[in-house]
Amino acid sequence: MKKKLAILLSGRGSNFEAIARAVESGQIDAEIAVVISNRAGAWGLERARELGIEALCLPSRGMARDEYDVKLVEELKRHNPDLICLAGFMRLLTPAFIEAFRGRILNIHPSLLPAFPGLDAQRQALEHGVRFSGCTVHFVDEGLDSGPIVIQAAVPVRDTDTVETLSDRILEAEHAAYPRAIALVLSGAYRIAGRRVVHLKPN
Ligand code: GRF
C-alpha cells in the first residue's frame with residue numbers, strides 16, 4: 001500500500017506544492033492524504049483543492065493550544081499518515097501531539113539550524129552578518145526547531161541581499177531539500193544515533 005503524507009500549513013504553501021510535484025514525478029513514493037491549515041484563507045488550501053487533494057481548515061484562532069492539538073491529532077488519525085510534514089505551519093505543537101506521532105513529524109526551517117531558530121530566520125541571518133545561510137529539514141521534538149537534522153542545504157548571503165532576496169534564494173533550496181528529506185525518511189534508510197540522523201545510502 002502507498003505510504004501516506006499529511007501536510008500542515010498556514011499560508012502560501014510553496015513547500016507543499018514542491019512536495020506535491022515530487023509525488024507526481026515519483027521522487028516521493030507516497031500519496032498526500034490530506035492538507036490541513038489552521039487559517040481559512042491559506043493559499044496552500046486552494047492549491048491542494050485544485051490538485052484534487054483533500055484539504056481542510058481547522059481554525060485555531062482563539063483556541064487553547066492543548067484543545068486545538070487534541071482536535072488536530074483526532075483529524076490526522078482519521079487519515080492514518082506515515083509522515084506528517086509541517087510546511088509553514090505557524091503554530092507550536094504540544095508535547096501530546098509530538099507523543100502521538102513521535103519520529104513521524106518533519107519540519108522545514110529557513111536557516112542552518114541550530115543558528116537562527118524561531119521567527120524571521122532570514123532576517124536574523126542577514127542582521128547577524130553570516131556569509132552562508134540555508135534551510136534545514138528536521139524531525140520535530142518538544143523544542144523550538146530543535147529535533148534531529150535530516151538534510152541541510154547552504155546558500156550564500158550576498159552583500160546586496162535584502163530579507164526578500166535572501167528568502168527567495170533560501171526558498172528555492174527548500175523546494176529541493178524537503179522532497180529529498182521526505183523520500184529518505186519514507187525509505188527508512190537512516191538510523192538515529194543521539195542527535196544525528198545517519199543516512200544509510202549515499203546521497
Ligand atoms: C518557509 O520558508 C519555511 O521554511 C517556513 O515557512 C515558510 C513556508 O513557506 N517554515 P511556504 O508556505 O511553504 O511557501
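Values quoted throughout were computed directly from the atomic coordinates according to the rules given, and no laboratory measurement underlies them. Just so it is clear, the model here is predicted, and its values are computed rather than measured. Cβ: placed from backbone, ideal geometry, glycine included. Neighbour counts: every protein chain shown.
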Exercise for review: Distance between Cα centroids, the range 130-192 to the range 1-55: provide it in whole Å.
Suggested key: 18
Exercise for review: Using every pair of alpha-carbon atoms in the range 127-203, split the distances into 5 Å bins beginning at 0 and state the percent of pairs per bin, rounded to integers.
Suggested key: 3, 14, 22, 20, 18, 12, 7, 3, 0
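I need the semi-axes of the equivalent ellipsoid of the range 99-152: take the C-alpha gyration tensor, multiply each eigenvalue by 5, square-root it, list largest first in whole angstrom.
They are 23, 10, 7 Å, listed largest first.
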Point to revise | Distribution of pairwise C-alpha distances over the range 7-105, 10 Å bins, in % | key: 16, 51, 29, 3
Practice item. Given the options Gln122, Gln27, Gln152, state which has the largest fluctuation in a GNM of the chain using a 10 Å cut-off (strictly under) for Cα springs. Key: Gln27
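Once the Cα gyration tensor of the range 41-198 is found, what semi-axes does its equivalent ellipsoid get, as square roots of 5 times the eigenvalues, in whole Å, sorted largest first? Could the numbers behind the result be given before it?
Numbers: eigenvalues 142, 75, 52 Å².
Ellipsoid semi-axes (Å, largest first): 27, 19, 16.
Kirkwood Rh and Cα-based Rg: tell me the resulting Rg over Rh for the range 48-97, rounded to two decimals.
0.96
Which value, in debye to the nearest 20, describes the size of the charge dipole of the range 28-178 about its Cα centre when Lys and Arg Cβ atoms bear +1, Asp and Glu Cβ atoms bear -1, and nothing else is charged?
Working: 15 positive and 23 negative charges, 31 e Å.
In debye, rounded to 20, the range 28-178 gives about 140.
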Check your understanding: With a 10 Å Cβ neighbour count serving as the proxy for reagent exposure, in which order, fewest first, do Ile170, Ile149 appear?
Key -> Ile149, Ile170
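For a quick check: sort Tyr190, Tyr68, Tyr178 by the number of other beta carbons within 10 angstrom, fewest at the front.
On the way: Tyr190 17, Tyr68 20, Tyr178 26.
Ranked by crowding around the Cβ, least crowded first: Tyr190, Tyr68, Tyr178.
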Review point. If the cut-off is a Cα-Cα distance under 18 Å, which lysines reach Lys77, setting aside same-chain residues fewer than 8 apart in sequence?
Key: Lys2, Lys3, Lys4
